[in-house]
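Notes to accompany the following structure.
The values are calculated or read from the model by the stated rules, or taken from the named source; none is laboratory data. Everything numeric in this text was worked out from a predicted model, so none of it was measured. Positions of Cβ are generated from backbone atoms using ideal geometry, with glycine treated the same way; all protein chains shown enter the neighbour counts.
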């Protein structure tokens, strides 16, 4: 059983990742101490990359930075050179540390919770920070915040979950205390927050008043968000187990031993739970009893991100720098094996599909690494072909 004395161990865990990667020679020029957060913004489905001390928008069609435009849609230029300006933000004098996806609170405003214990408002049109001093918060944040109509919910690195007033984020509505930190965003369903903690518990908490409904000991640290399906929560832990838990009572209905730590959230699709572990294994488990449908050793390194499940494939990225397509029905490695990027893959994979506002020839899988020369890599989701690389 693994017990964490302090959530300062985040730095230790990440440092171990970095050290192991350099020893094995699989990392290029590393640019931060964590992994990138990527999300889609706007009708155009631009990729918003937040990493280390900068934020940038990237065109999913080409991998090029998005050009900054004025209110009339005209491209802004650098006065001295006439070159087009791109949508990016970096503060070199007092660098922020961005680990999380932003919240879109209202038209044209993004709210970031950062590692330096404050909330930062970023103007979506102008790519600038509107509140340079920031709004102080209780602690550093590495889990994505979430919102409802009245609250912003922040999970903190070292311990506790807070609800802030959505109109006045400096006002704390309630604080729920945990023994250790929360590394992943809560799941909000019908007024209840479900979240795991490094203190080994999975919690259900009333979202309006912060009162605990139930908590369940899972025998190891919980670093991911639970997934709800059919009245049950599915989650893995560092106890090397996957659990099926009653949504209403917190009772453990089923549990399944796996080979190594489960860090990423599972994916539930069509009666199957897809999950991966830090030993490089991928599992397909039946939702009823967590019996094994298939399992495969997919990578040489640990798989921290959640699997990405498409109609035909289960796609995973590993610390060893491999991106692997598995046949969804059988688990057999598909599309002629793994794609080697050559840098650690720690952040969750992102699927970008074609829309009317952003037509694409085919859906893309966006993979983040920790190296400057291939910070983002886009692959065809169906063919596994590399489409573009974004370099920092």
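Yes/no matrix, rows are residues, columns are (1) touching a helix residue (DSSP H, G or I) at 6+ places or on another chain (Cβ under 9 Å); (2) touching a residue at least 40 places away in the same chain (Cβ under 8 Å); (3) assigned to a loop (DSSP other than H, G, I, E, B):
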residue	(1), (2), (3)
104	no, yes, no
115	no, yes, yes
138	no, no, yes
141	no, yes, yes
149	no, no, yes
162	no, no, no
175	no, no, no
181	yes, yes, yes
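Yes/no matrix, rows are residues, columns are (1) free of Cβ contacts under 8 Å to residues at least 60 places away in the same chain; (2) under 22 Å from residue 267 (Cα atoms); (3) buried (at least 19 other Cβ atoms within 10 Å of the Cβ):
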position: 330; (1), (2), (3): yes, yes, no
position: 334; (1), (2), (3): yes, yes, no
position: 349; (1), (2), (3): yes, yes, yes
position: 360; (1), (2), (3): no, no, no
position: 365; (1), (2), (3): yes, yes, yes
position: 376; (1), (2), (3): no, no, yes
position: 379; (1), (2), (3): yes, yes, yes
Matching residues in region 121-136 (in a strand (DSSP E or B), surrounded by 14 or more Cβ atoms within 10 Å (Cβ to Cβ) and touching a residue at least 24 places away in the same chain (Cβ under 8 Å)) number 3
Please determine, by comparing only the residues of region 381-392 that are in contact (Cβ under 8 Å) with a residue 12 or more places away in the chain and out of contact with any strand residue (DSSP E or B) (no Cβ under 6 Å at 6 or more places or on another chain), which one is farthest from residue 299 (Cα to Cα). 392
Does residue 324 meet the test of being closer than 20 Å to residue 285 by Cα and either without any contact (Cβ under 8 Å) to a residue 40 or more places away in the chain or buried (at least 17 other Cβ atoms within 10 Å of the Cβ) (or both)? yes
Tell me yes or no: at least one residue of region 244-253 is buried (at least 18 other Cβ atoms within 10 Å of the Cβ), under 30 Å from residue 332 (Cα atoms) and either touching a strand residue (DSSP E or B) at 6+ places or on another chain (Cβ under 8 Å) or modelled with pLDDT under 95 (or both). yes
Where residue 29 falls short, out of the listed (1) at pLDDT below 75; (2) touching a strand residue (DSSP E or B) at 6+ places or on another chain (Cβ under 7 Å); (3) surrounded by 13 or more Cβ atoms within 10 Å (Cβ to Cβ): (3)
Those residues of region 338-377 which are farther than 16 Å from residue 314 by Cα and in a strand (DSSP E or B), in sequence order: 340, 368, 371, 376, 377
For residue 22, all conditions in the list (1) in contact with a strand residue (DSSP E or B) (Cβ under 9 Å, 6 or more places away or on another chain); (2) at pLDDT 50 or above; (3) surrounded by fewer than 17 Cβ atoms within 10 Å (Cβ to Cβ) hold save one; what is the number of the exception? (2)
Restricting to region 274-287, name every residue that is in contact (Cβ under 8 Å) with a residue 40 or more places away in the chain, assigned to a strand (DSSP E or B) and over 19 Å from residue 321 (Cα atoms). 274, 283, 284, 285
Taking region 155-187 on its own, how many of its residues are closer than 16 Å to residue 212 by Cα and within 16 Å of the chain's Cα centre (by Cα)? 4
Does at least one position in region 284-294 carry a residue that is within 19 Å of the chain's Cα centre (by Cα), crowded, with 20+ Cβ neighbours inside 10 Å and farther than 23 Å from residue 194 by Cα? no
For residue 168, state whether it is farther than 17 Å from residue 199 by Cα and without any contact (Cβ under 8 Å) to a residue 40 or more places away in the chain. yes
